[in-house]
Amino acid sequence: MRLNSKDTELRERARQVIPGGMYGHESVAMLPADFPQYFSRAEGAYLWDYDGNRYIDYMCAYGPNLLGYRHATIEAAAQAQAQHGDTMTGPSEAMVVLAENFVSMIDHADWAMFCKNGSDATSMAMVTARAYKDRRKILVAKGTYHGASPWNSPGLKGITAEDRAHIIYFDYDDLDSAREAFRKADGDVAGVFATPFRHEVFADQFLPSKEYAVGLRALCDEADALLIIDEIRTGFRLSRDCSWSIHGVKPDLSAWGKVLGNGYPISALLGAEKARTAASSIYVTGSFWFSAVPMAAAVATLHEIRTTDYLERTVAAAEALRAGIASQAEACGIAIRQTGPAQMPLILFEDDADMRKGSFWTGTAARLGVYLHPYHNMFLSAAVTPEDVEQTLAVTNEAFTLLKKSLPTLPPQTNQILAQRLQMRRSPS
Ligand SMILES: Cc1ncc(COP(=O)(O)O)c(C=O)c1O
C-alpha cells in the first residue's frame, strides 16, 4: 500500500508558505493523485519519495539527468572542486577548461559563456542577437518553449504586450510563414529561434523537414540575422553535436542547459566567431554564474559524453521500451501514439481528449513504481538497464490490463485543473 502520508503532509505545509503550494513545471497539480510531489533521494535511474516508495524514473528531473543520478564520476569531480571552493570572487580554472572542451565538441562554436538556467541562456542569446547588428526583432515559432522570462513565458499573467513588443511569431516547420515574418520585420530581424524537433506538451512530437532547417539558415544568411538553436531540452540526447548537424545546418548561437552538469546547475550560450564581438558587448551576469562546482561537474559530464557509449546505450534501452509498450498496447487492443525520439518519448492515447486513459495508465504505473508522464515528453538516462526496462514493461503491462478492464466505466478526467487546461486548448477564447 502506498500511503503517501509524508508527501501529503509536505504538500499541506507547503500550501501555507509556498504560493499555490507549488509552481512551475515540477508542480504535480495536473498529474494523477498517485504522483508524489517531493523526493527524498535519487540514485542511477531511481527516485524515492518520502513514503519510501521507489520509482524507475523516466523524467530525469525534466531533463538534467543524462548519465544517472549521483553518477560516481560526476560526483567525484564536483566533490573534488568543492574541497577547494565553489562560489568565489571569481571563477576557477574549470571555467576555461569547460569553455575549451565544449567549443572543441560543437562544430559551430568558437566561444562559450556560462549561466545557470536555460532561460538565462536563451535570454542571453536574444540580447546577443540584438547587439549583433543593433536590431530589434526576434522570430519565434508559435507554441515553442524557450523558457519562463517575460519575453517567452507560456503563461500570460503578469506579462505585458510591451514585454513581447519585438517578438514576431511564425508557424513551426513552415518556411513560408517564416518568410512572411522576415517580411513583416522589414529589415529589423536580429535573430530567429529554432527548436530541433517539436516537443510541445499534449501534442505528438515531430521532426521538422530538412528543407525547413536549411531554409531557416538561408533566410538568416540573406538578412544577416543570427540563427539560434535552442538545445536546452535536446542537447546531447540526440547527438554529440548540435541536433541539426544531421542536416548540415550550423547555427550562429546555441543555447544549452539541463544535462550540461548532469544535474548540477549550469547552462551555456555557445557562439560562432561572427557573434563574438556582439557577445563581448552585452552586460550579462549572475551571482552564481561563475561557481566552480557545477563547472567541474560539467567538465566531467562532457568527458563522459565524449568517451563513453552513453547515447547508444540510452537509445537501445529506449527502443526496447518503446517496442515493448507498442506490443502490449496492441495485444490489449488499446491504440496509442508514441512520438519523438525513443530516448525522449511521448505516449498519448487515441480518443483521449480529456486524457482519462493517459491519466489512468500513468497513475497506475506510478502506483506500481514507474514514473512516466501523461502529456510531457519523457527522458531516459544512460542509467536505465535492460532489467529496468523489463521491470518497467511488467508494470506497463499491468497498467494496460487494468485500463482495458476499467475502460467501459472509466470516469471523465477527475483532475479538474487538467480538465480545464485541456478544455482551453480545445477552444481557445
Ligand atoms: C527548449 C527549452 N528551452 C528553454 C528552457 C528553459 O530552461 P530552464 O527551465 O532551465 O530555464 C527549457 C526548459 O524546459 C526548454 O525545454
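Derivation of every value follows stated rules applied to the coordinates shown; laboratory data play no part. Computed from a predicted model, the values in this text were never measured in an experiment. Virtual Cβ from ideal backbone geometry, glycine too; neighbours counted across all protein chains shown.
Between the stretch 254-309 and the stretch 57-111, what is the separation of their alpha carbon centroids in Å?
8 Å
Using alpha carbons only, how many degrees (0 to 90, rounded to 10) separate the axis of helix 72-82 from the longest principal axis of the chain?
The helix 72-82 is inclined about 50 degrees to the chain.
Specify whether the C-alpha gyration tensor of the stretch 193-315 places it in the rounded, prolate or oblate class, a ≥ b ≥ c being the square roots of the eigenvalues: rounded for a/c under 1.5, otherwise prolate if a/b is larger than b/c and oblate if not. Write out the running numbers ahead of the final one.
Details: a/c = 1.84, a/b = 1.13, b/c = 1.62.
Verdict is oblate for the stretch 193-315.
If exposed GluC sites (Glu not before Pro) are those in a DSSP loop with at most 14 other Cβ within 10 Å, what is the longest stretch of the chain that has none?
By the stated rule (loop sites, at most 14 other Cβ atoms within 10 Å), 27-349.
In a solvent-free Debye calculation with one equal scatterer on each Cα, what is log10 I(q)/I(0) for the chain at q = 0.06, 0.14 Å⁻¹, listed in the order of the q values?
At q = 0.06, 0.14 Å⁻¹ the computed log10 ratios are -0.26, -1.41.
Taking a label point 7 Å from the Cα of residue 149 along the Cα→Cβ vector, which residues of the stretch 256-276 have an amide N closer than 12 Å to it?
So the set is 269.
What residues have an amide H closer than 5 Å to that of residue 261, excluding those fewer than 5 places away on the same chain, when H is modeled at 1.01 Å from N in the peptide plane?
Here the answer is 266, since their amide H atoms fall under 5 Å of that of residue 261.
Name the shape class, rounded, prolate or oblate, that the alpha-carbon gyration tensor gives for the stretch 72-307, where a ≥ b ≥ c are the square roots of its eigenvalues, rounded holds for a/c under 1.5, and otherwise prolate holds if a/b is larger than b/c and oblate otherwise. If you can, show how the numbers build up before the last one.
On the way: a/c = 1.78, a/b = 1.60, b/c = 1.11.
Here the stretch 72-307 falls in the prolate category.
At a Förster distance of 41 Å, what's the computed FRET efficiency of residue 160 paired with residue 72, Cβ-Cβ distance as r, to 0.05?
Details: r = 48 Å, r/R0 = 1.16.
With a Förster radius of 41 Å, E is 0.30.
Tell me, 385, 285 in order of fewest to most beta-carbon neighbours within 10 Å? Display every interim value, and only then the final one.
Details: 385 14, 285 9.
Taking fewest neighbouring Cβ atoms as first place, the list is 285, 385.
Sum -39500 (n - 2.57) across every DSSP H segment of at least 4 residues in the chain, then divide by the residue count to get the 222 nm mean residue ellipticity, nearest 500. Each step should come with its number before you reach the end.
Values: 12 runs with 167 residues, N = 429.
Dividing the helical sum by the residues of the chain leaves -12500 deg cm²/dmol.
At a Förster distance of 41 Å, what's the computed FRET efficiency of residue 82 paired with residue 136, Cβ-Cβ distance as r, to 0.05? Intermediate results must be reported in sequence, preceding the final value.
Working: r = 43 Å, r/R0 = 1.04.
According to the calculation, E is roughly 0.45.
Spelling out what I want: for every residue of the stretch 395-410, take phi, set θ = phi - 60°, compute 6.51 cos²θ - 1.76 cosθ + 1.60 (Karplus), and round to whole Hz; glycine and proline get x.
Result, rounded to whole Hz: 5, 5, 5, 5, 5, 5, 4, 5, 5, 4, 4, 7, 3, x, 10, 5.
Determine the shape class of the stretch 105-205: with a ≥ b ≥ c the square roots of the Cα gyration tensor eigenvalues, call it rounded for a/c under 1.5, and otherwise prolate if a/b is greater than b/c, oblate otherwise.
Judged from the Cα gyration tensor, the stretch 105-205 comes out rounded (a/c under 1.5).
Pick from 228, 417, 138: which residue has the top mean-square fluctuation in a GNM of the chain where Cα pairs under 10 Å get a spring?
Comparing 228, 417, 138 in a Gaussian network model of the chain, the most mobile one is 417.
Greater than 26 Å separation of Cα atoms is the criterion. Which listed pairs, 137/250; 142/250; 133/258, meet it? Intermediate values should be presented prior to the final figure.
Working: 137/250 21 Å; 142/250 22 Å; 133/258 30 Å.
In this structure, 133/258 lie more than 26 Å apart at Cα.
For the chain, set up a Gaussian network in which alpha carbons nearer than 10 Å are linked by springs, and say which option among 365, 78, 353 fluctuates the most.
353
Which one of 323, 190, 296 has the biggest mean-square fluctuation once the chain is modelled by GNM with Cα springs under 10 Å?
Top of the fluctuation ranking is 323.
Over the chain, what is the relative contact order in whole percent, taking alpha-carbon pairs under 8 Å and six or more residues apart? Kindly include the intermediate steps, with their values, before the conclusion.
On the way: 772 pairs, mean separation 96.4, N = 429.
So the answer I get is 22 percent.
³J(HN,Hα) across the stretch 330-335 via Karplus (A = 6.51, B = -1.76, C = 1.60, θ = phi - 60°), whole Hz, x for Gly/Pro?
5, 4, 7, x, 10, 8
Just to confirm the number: angle between the C-alpha axis of helix 292-307 and the first principal axis of the chain, 0 to 90 degrees, nearest 10?
Result, in degrees: 80.
Which is the longest stretch in the chain that no exposed loop site breaks, taking sites as chymotrypsin sites (Phe, Trp or Tyr not before Pro) with a DSSP loop state and at most 13 other Cβ atoms within 10 Å?
Working: sites that count: 23, 283, 288.
Looking at the chain, 24-282 is the longest stretch - no exposed chymotrypsin sites (Phe, Trp or Tyr not before Pro) with at most 13 other Cβ atoms within 10 Å.
Counting only other residues whose beta carbon sits under 10 Å from that of residue 335, what net charge do I get with K and R as +1, D and E as -1? Mind dumping the intermediate values first?
Numbers: positive: 337, 357; negative: 330, 350, 351, 352.
Computed value for this residue: -2.
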